[in-house]
Amino acid sequence: MPFILLIFSNLLRQKIRTGLTVLGISIGITTVVALGVITHSARASTEEILRAGTSDFSVGRAGSADLTFSTLTGDDAEKLLAYPQIEHVSGVLMAISRVGSNPFFVQVGIDPADLTYFEMPLVDGRKLAAGAGDEIMLGNEAADNLDAAVGESVEVREQSFTVVGIYHSGAVMLDGGAVLPLATVREYERKAGLYTLLYVRVRPGTDVEVLAARIEEEHPDLATLVDLSDVGEVDQGLEILDAINLGITILAIFIGGIAVMNTMVMAVFERTREFGILRALGWRTRRILQMVLGESILLCLMAAALGSLLAVILTKLVVLLPAIQAFISPEYTPDAFLRGLAVGIGVAILGALYPAYRAASFSPAQAIRYE
Amino acid sequence: MSDGREIVIDVRNVVKTFDEGHTRALDGATLQVRRGEFVAITGPSGCGKSTLLHLIAALERPDSGEIVVYGEEITRRRDLSAYRARTIGLVFQLHNLLPNLTAAENIQVPMYETDLSAGQRRRKALELLALVDMADKARKRPAQLSGGERQRVAIARALSNDPPILLADEPTGNLDSKAGLRVLEVLRGIQRQRGVTLVLVSHDPTIAAAADRIVRMLDGRIIEEGASAEAAARVV
Ligand SMILES: Nc1ncnc2c1ncn2[C@@H]1O[C@H](COP(=O)(O)OP(=O)(O)OP(=O)(O)O)[C@@H](O)[C@H]1O
Ligand SMILES: [Mg+2]
């Protein structure tokens with residue numbers, strides 16, 4: 001029998017204890033993996049917004065607590081247009097409010113003229129016309145939820161709008177929301193002259209990274225958002241989510257570690273005599289350590305597998321809630337699962353160190369006499 | 001007697017105390033065992049028989065005195081695990097088999113310290129099971145075996161790394177006389193056929209009588225040595 005099977009068969013000696021320990025640890029791992037999936041998906045949704053309309057990068061107000069709190073003015077747009085590499089700047093004012101069953105219905109206010117740069121791929125109808133304050137383009141998800149078609153009217157913020165087009169951008173939050181004339185959104189948000197984000201289109205051949213870095217250097221009050229790692233500059237909510245994620249991971253390692261230690265201490269102490277016999281039969285300390293550590297790692301790998309499975313089920317269930325469905329669709333990247341696995345192995349090693357040390361230090365002669 | 005053969009176990013004036021010196025388990029014990037010999041150790045409970053075997057098996061260190069096995073003082077050996085695994089085979093009063101493993105798997109336990117492959121380990125375990133006449137019980141777990149059968153599996157396990165010395169501490173102590181005699185037969189067969197040196201502790205005079213030589217202990221010393229009646233009878 002291979003050594004690994006010997007280790008496995010030791011775990012099967014106390015099936016209920018092994019099962020309960022696996023279950024206990026797997027709950028911690030579920031939390032870690034599910035949170036990882038949700039954090040990643042939330043970041044992805046935010047990134048989709050920052051990348052909307054096939055712009056090269058976007059610019060927000062540095063240090064905003066949340067993306068929707070970012071406020072920029074026409075002056076900021078002028079600062080950007082002063083760079084010769086920049087071809088066009090589209091200013092967008094975003095608002096979020098309940099529309100229909102979606103509590104986080106995103107409204108993108110944009111000057112209809114900018115829609116040639118800020119591309120929202122249409123699946124039906126046309127773009128907003130210049131000067132028409134009561135036109136609306138709906139995302140395909142929003143159109144489904146509101147059961148609205150081109151030519152029909154919908155109510156947003158107690159105003160009636162005529163649906164002129166339906167788009168599908170691939171961004172969860174935008175497809176669940178709508179695009180409206182900038183002036184209209186500014187009016188009902190009472191944010192005259194303000195933007196949330198500026199979407200920048202550069203001239204061909206421009207190095208976006210270099211330009212973005214220069215803008216930030218020359219205008220410290222602007223945050224240029226080139227990739228996902230920049231998101232924190234205008235959305236501290238995601239940073240907080242990351243911090244919570246890390247906190248829960250550390251907590252899961254400690255709680256799991258104690259659970260594993262408890263189980264392994266029991267498993268080792270009830271086999272005192274057995275470890276002594278193994279030593280008497282010529283097993284090295286190292287092999288005893290390997291066996292105890294192996295039992296612990298195997299236990300935690302089972303927990304990691306179960307925890308990952310539960311996390312997938314949990315996240316699939318969670319997005320059935322309309323509030324969550326509106327702004328994330330779960331993305332299962334290897335990262336979240338690797339983190340779960342790392343927690344499992346961390347827990348296994350943390351929990352097994354002391355029991356393994358004890359098992360290896362049982363004196364064989366004492367153990368044989370011990371009845 | 002086997003005087004011509006080399007001395008493989010040489011216990012010289014060994015003292016072993018417990019409880020910070022309050023208990024003198026061995027008090028100047030001296031014993032020599034020759035290659036291939038079958039020595040039985042007897043004596044009243046508490047006289048130090050198990051302690052002597054444990055010291056020879058390097059499970060504990062003596063306070064003073066020397067134990068030389070195959071010409072080397074064992075406490076000076078660098079790798080005691082290798083000595084326990086390869087030079088000594090141990091059989092205890094209780095079989096001490098692992099309850100979750102089958103008979104064949106239990107026999108393989110000491111072999112994890114060798115570089116045999118899983119297949120080689122298995123083959124060897126089956127051979128050893130046949131040697132102790134348990135070939136048909138390879139897949140049984142200890143709980144499914146009788147006391148005598150368990151003890152025979154334990155003997156096969158002790159032989160798994162082909163040690164030249166077999167130490168048995170009351171291997172028949174928990175068995176009825178029939179099963180005990182069967183275990184004795186197996187041990188003696190191994191000693192004769194394989195040339196293994198056998199040191200066996202037993203209270204039972206009929207078991208001890210099967211040895212080449214009987215050693216009597218009292219209060220941590222060897223008080224009498226002599227050819228067993230049976231051995232003497234064989235010489236005549
Ligand atoms: N670990 C220990 N701690 C304290 N005392 C011990 C220990 N091991 C042995 N002793 C004592 O040493 C003495 C010899 O014990 P040992 O087990 O060698 O006797 P024994 O001859 O094998 O007896 P038995 O026939 O009952 O098995 C006894 O008095 C015993 O109580
Ligand atoms: Mg004893």
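Structure summary
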quantity	calculated
Pairs where the first residue, in segment B:48-60, is within 7 Å of ligand 1 (Cβ to nearest atom) and the second is in a helix (DSSP H, G or I), C-beta under 9 Å, 6+ apart	B:S50/A:A365; B:S50/A:I368; B:S50/A:R369; B:T51/A:A365
Residue that is farthest from the other protein chains (Cβ to nearest Cβ), among those in segment A:244-274 that are small (G, A, S) and open to solvent by 20 Å² or more (accessible area, probe 1.4 Å)	A:G247
Residue in segment A:116-130 that is surrounded by fewer than 17 Cβ atoms within 10 Å (Cβ to Cβ) and part of a helix (DSSP H, G or I) present	yes
Scope segment A:328-364; condition in a loop (DSSP other than H, G, I, E, B) and open to solvent by less than 70 Å² (accessible area, probe 1.4 Å); matching residues	A:I328, A:S329, A:P330, A:E331, A:T333, A:F362, A:S363
Residues of segment A:40-91 satisfying the condition of being within 16 Å of A:D175 (Cα to Cα) and among the hydrophobic types (A, V, I, L, M, F, W, C)	A:A42, A:A44, A:I49, A:L50, A:A52
Within segment B:162-181, tally of residues that are within 13 Å of ligand 1 (Cβ to nearest atom) and closer than 18 Å to B:R34 by Cα	2
Residues within segment B:131-161 that are open to solvent by less than 70 Å² (accessible area, probe 1.4 Å), polar (S, T, N, Q) and more than 14 Å from chain A (Cβ to nearest Cβ), tallied	2
Any hit, segment B:29-36, residues being hydroxyl-bearing (S, T, Y), outside any strand (DSSP E or B) and in the same structural domain as B:G220 (by TED's automatic domain parsing)	no
Flag if B:H54 is open to solvent by 20 Å² or more (accessible area, probe 1.4 Å), within 16 Å of ligand 2 (Cβ to nearest atom) and either more than 13 Å from every other protein chain (Cβ to nearest Cβ) or not polar (S, T, N, Q) (or both)	no
Any hit, segment B:19-27, residues being among the charged types (D, E, K, R), open to solvent by less than 50 Å² (accessible area, probe 1.4 Å), within 16 Å of ligand 1 (Cβ to nearest atom) and more than 10 Å from chain A (Cβ to nearest Cβ)	yes
Enumeration of residues in segment B:28-47 that are within 16 Å of ligand 2 (Cβ to nearest atom), away from chain A (no Cβ under 14 Å) and either without any contact (Cβ under 8 Å) to a residue 24 or more places away in the chain or surrounded by fewer than 16 Cβ atoms within 10 Å (Cβ to Cβ) (or both)	B:P44
Test result for A:A304, touching a helix residue (DSSP H, G or I) at 6+ places or on another chain (Cβ under 8 Å), open to solvent by less than 10 Å² (accessible area, probe 1.4 Å) and farther than 18 Å from A:V22 by Cβ	no
Selection from segment A:83-132 of residues that are of a type in the set (D, E, K, R) and more than 28 Å from A:A212 (Cα to Cα)	A:R98, A:D124, A:R126, A:K127
Matching helices (runs of 4 or more DSSP H) fully within segment A:1-111 where at least 1 residues are touching a residue at least 40 places away in the same chain (Cβ under 8 Å) and closer than 27 Å to A:E331 by Cβ	A:15-50
Helices (runs of 4 or more DSSP H) fully within segment A:156-243 counting 3 or more residues that are open to solvent by 50 Å² or more (accessible area, probe 1.4 Å) and acidic (D, E)	A:208-218
Enumeration of residues in segment B:74-86 that are more than 9 Å from chain A (Cβ to nearest Cβ) and either crowded, with 22+ Cβ neighbours inside 10 Å or touching a His at 6+ places or on another chain (Cβ under 8 Å) (or both)	B:I74
Residue count, segment B:61-73 (criterion: open to solvent by less than 40 Å² (accessible area, probe 1.4 Å) and either within 16 Å of the chain's Cα centre (by Cα) or within 16 Å of ligand 1 (Cβ to nearest atom) (or both))	4
Residue among B:L128, B:L167 that alone is crowded, with 17+ Cβ neighbours inside 10 Å, within 16 Å of ligand 2 (Cβ to nearest atom) and closer than 16 Å to B:R86 by Cβ	B:L167
Which numbered condition B:V8 misses (of (1) within 16 Å of ligand 1 (Cβ to nearest atom); (2) β-branched (V, I, T); (3) under 22 Å from B:T197 (Cα atoms))	(1)
Residue ranges of helices (runs of 4 or more DSSP H) in segment B:91-163 with at least 2 members of a type in the set (V, I, T)	B:147-158
Complete set of residues in segment B:190-229 that are part of a loop (DSSP other than H, G, I, E, B), among the polar types (S, T, N, Q) and away from ligand 2 (no atom under 15 Å from the Cβ)	B:S228
Residues (assigned to a helix (DSSP H, G or I) and open to solvent by less than 20 Å² (accessible area, probe 1.4 Å)) located in segment A:275-293	A:F275, A:G276, A:I277, A:L278, A:A280, A:I288, A:M291, A:V292
Selection within segment B:182-208 - over 16 Å from B:G89 (Cα atoms), in contact (Cβ under 8 Å) with a residue 12 or more places away in the chain and away from ligand 1 (no atom under 16 Å from the Cβ)	B:R182, B:T206
Options A:I255, A:I244, A:I240: the member that is free of Cβ contacts under 8 Å to residues at least 60 places away in the same chain and within 21 Å of A:A34 (Cα to Cα)	A:I240
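The values are calculated or read from the model by the stated rules, or taken from the named source; none is laboratory data. On a predicted model such as this, the values are computed, not experimentally measured, just so you know. When we count neighbours, we look across all protein chains shown, and the Cβ atoms used for this are built from the backbone with ideal geometry, even at glycine. The accessibility values were calculated without ligands, DNA or RNA, using every heavy atom of the protein model including side chains. Shrake-Rupley method; radii C 1.70, N 1.55, O 1.52, S 1.80 Å.
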